[in-house]
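Laboratory data are not the source of any read-out in this text; all were calculated from the coordinates shown. Source: prediction; values computed, not measured. With ideal geometry, Cβ positions are generated from the backbone for all residues, glycine too; neighbour counts draw on all protein chains shown.
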Amino acid sequence: VIALVLPAWPASALVGVLAVALALGPAGVPARTFGRAVRWPSAFIAVGAVTAVVEVGSGGLGWAPDAATRAGALVGHALAGSAAVLLLATTTPMSDLLPALRRARVPAAVIEVASVVYRLLFVLLDSLHTIREAQTARMGYSSLRRAYRSSGALAAAVLIRSWDRARRMQEGLAGRGLETGLRVLPETLPSSTAFLAATGVGLAGIVAASLGLA
């Protein structure tokens with residue numbers, strides 16, 4: 001939130017650097033894993049920055065008068081927000097996020113959809129990997145034409161399997177009389193006073209530095 005609300009400089013820069021430092025340092029996330037995770041968001045951010053600095057006028061395409069400022073603010077906010085979200089995703093299990101969303105009074109339907117998608121995601125990824133290995137063994141990607149054909153068959157097979165697994169899950173849950181959501185007993189973890197205090201001090205420092213330099 002701080003990275004999006006406060007000015008891009010220096011708030012977004014501070015948030016981004018802090019998120020990356022925490023992920024690679026105390027959290028112990030491998031640099032290669034974090035880099036691969038931020039690769040695709042960075043591509044979308046780059047495309048968004050290009051569209052923000054180009055304007056269409058009577059003379060055709062041209063640079064916006066404040067192109068550098070707009071691009072810098074967009075890239076800064078987006079990269080800082082992405083780094084913060086990736087820090088959360090790489091350090092917090094889904095089993096802890098869902099109860100937190102429930103305590104935050106997020107609609108139950110949204111939480112159930114997120115839970116089901118998370119359960120099926122890894123099953124479908126495993127199916128995709130297995131099918132692709134079989135296609136590769138049959139020389140399905142030996143040429144561009146075969147690669148297009150194999151990719152289409154792969155997408156169709158994964159789609160059919162996803163529909164089939166979703167149907168079977170729905171039938172199984174309906175057979176058990178599930179009406180109010182899939183409830184589990186969350187694990188209660190002790191909170192760290194030192195961690196909460198350090199977090200508060202760090203956020204207050206970023207806000208103070210941003211407002212002082214803005």
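Would you indicate which of (i) 18.8; (ii) 18.2; (iii) 21.6 is the value of Kirkwood radius over Cα pairs in Å derived from the coordinates of this structure? It is the one labelled (iii).
Highest first, please rank the peptides 43-53, 66-76 by the mean number of other Cβ atoms sitting within 10 Å of their residues. Let's see the in-between values first.
On the way: 43-53: 13.4, 66-76: 16.1.
In decreasing order of mean packing, 43-53, 66-76 become 66-76, 43-53.
For the pair LEU120 and THR188, a Förster radius of 35 Å applied to the C-beta separation gives a FRET efficiency near 0.80, rounded to the nearest 0.05.
Loop-located trypsin sites (Lys or Arg not before Pro) across the range 80-136 with a Cβ neighbour count of 16 or fewer within 10 Å are ARG105, with loop assigned by DSSP. Each label point was placed 7 Å from the Cα along the Cα-to-Cβ direction; for ALA89 and ALA46 their separation is 1.8 nm.
Taking amide hydrogens as placed 1.01 Å from N in the peptide plane, the amide H of VAL54 sits under 5 Å from those of ALA64, each at least 5 positions away in sequence or on another chain. Taking GluC sites (Glu not before Pro) as exposed when DSSP calls them loop (any state but H, G, I, E, B) and at most 12 other Cβ atoms lie within 10 Å, what is the longest stretch of the chain free of them, the sites themselves excluded? Within the chain, the longest run free of exposed GluC sites (Glu not before Pro) spans 1-178.
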